[in-house]
Structure formats: structure tokens, C-alpha cells
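Each remark here refers to the structure printed beneath this line.
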Amino acid sequence: MTHPAHHTHPTRPAPGRDADEVGRLAGRIATAVADCPAVAALADGPIATYLPGSTVAGVAVRDTEVKVEVVAVFGTPLTEVAAQVRAAVHGLTPGTQVEVCIDDIELPDSAARETLR
């Protein structure tokens, strides 16, 4: 699925930050967001932090903001998903603007899916 608002340009380190620092921050953000109860997983892209030799999918650390792209847990209100993600990011980067993109919703396993029909 393509989202017109997504930018696929590589993330550049913020002024005063080197690629290693940005990579460590993106990794910490990815871990914190993945631990949110309403988040099933980080999305595979196009939002990512591109580093020499590696990529942190689902997290883009920009100069003035952090963008996070997630797969939500089924049944959780999307506003709650976004609130949990923002709280997790603000815990690591207070005062930073956080944009949350919900790329998909993880459905329950196939047995539970049958009851939804």
C-alpha cells in the first residue's frame, strides 16, 4: 500500500548528531515503540532511518521530528495506538514532534478471525 504523505528520502543526521548517534536513538525508539501494548510491530517501510550498513525500519529520526510507522493490534482504538507511540518516543526525546503512521492492523489468529465473519 502506498501512502502519498510518506517520504522515502533517507534520513540525514540532525545538526550536531553523527550517524552513530542517530542510529542508537532510532534503535532505542524502535525498541520502546515495539514494547507498546497497542503495537503489533514496526512497519517495514517506507519510513526508516538509513545508516551506513543498516536500516532501522519504521522509525525516521529527522532534524525536528520523529516519524514512526507501526502495525496496530486489532481492537485497539487507533487514537490509543498513536498516544502510546507518542508517549514512548517522548520518553526518549522530550519536546520532539512525533508523527505516527498506522500502516496496517494485525488481525487475530485464523481461529479468532473465523468468529469475526
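Which whole-percent values make up P(r) of region 37-93 when all C-alpha to C-alpha distances are grouped in 5 Å steps starting at zero?
Here the calculated profile for region 37-93 is 5, 19, 25, 26, 16, 6, 2, 0.
Label His90 and Thr31 with points 7 Å out from Cα along Cα→Cβ: what is the distance between them in nm?
Placing both labels 7 Å along Cα→Cβ, they lie 2.3 nm apart.
Leaving ligands, DNA and RNA out of it, work out the accessible area of Arg62 with a 1.4 Å probe and give it in Å² to the nearest 10.
That residue has around 50 Å² of solvent-accessible surface.
Note the full-extension length gain between Glu80 and Ile105 as 0.36 nm times their separation in residues minus their Cα-Cα distance, in nm to one decimal.
Here the answer is 7.7 nm.
The values are calculated or read from the model by the stated rules, or taken from the named source; none is laboratory data. The structure presented is a predicted model; accordingly, all values stated were derived computationally and were not measured. Because the Cβ atoms are built from the backbone with ideal geometry, glycine has one as well, and the counts that use them run over all protein chains shown. When the accessible area is computed, the model is the full protein with side chains, heavy atoms only, and any ligands, DNA or RNA have been set aside. Shrake-Rupley method; radii C 1.70, N 1.55, O 1.52, S 1.80 Å.
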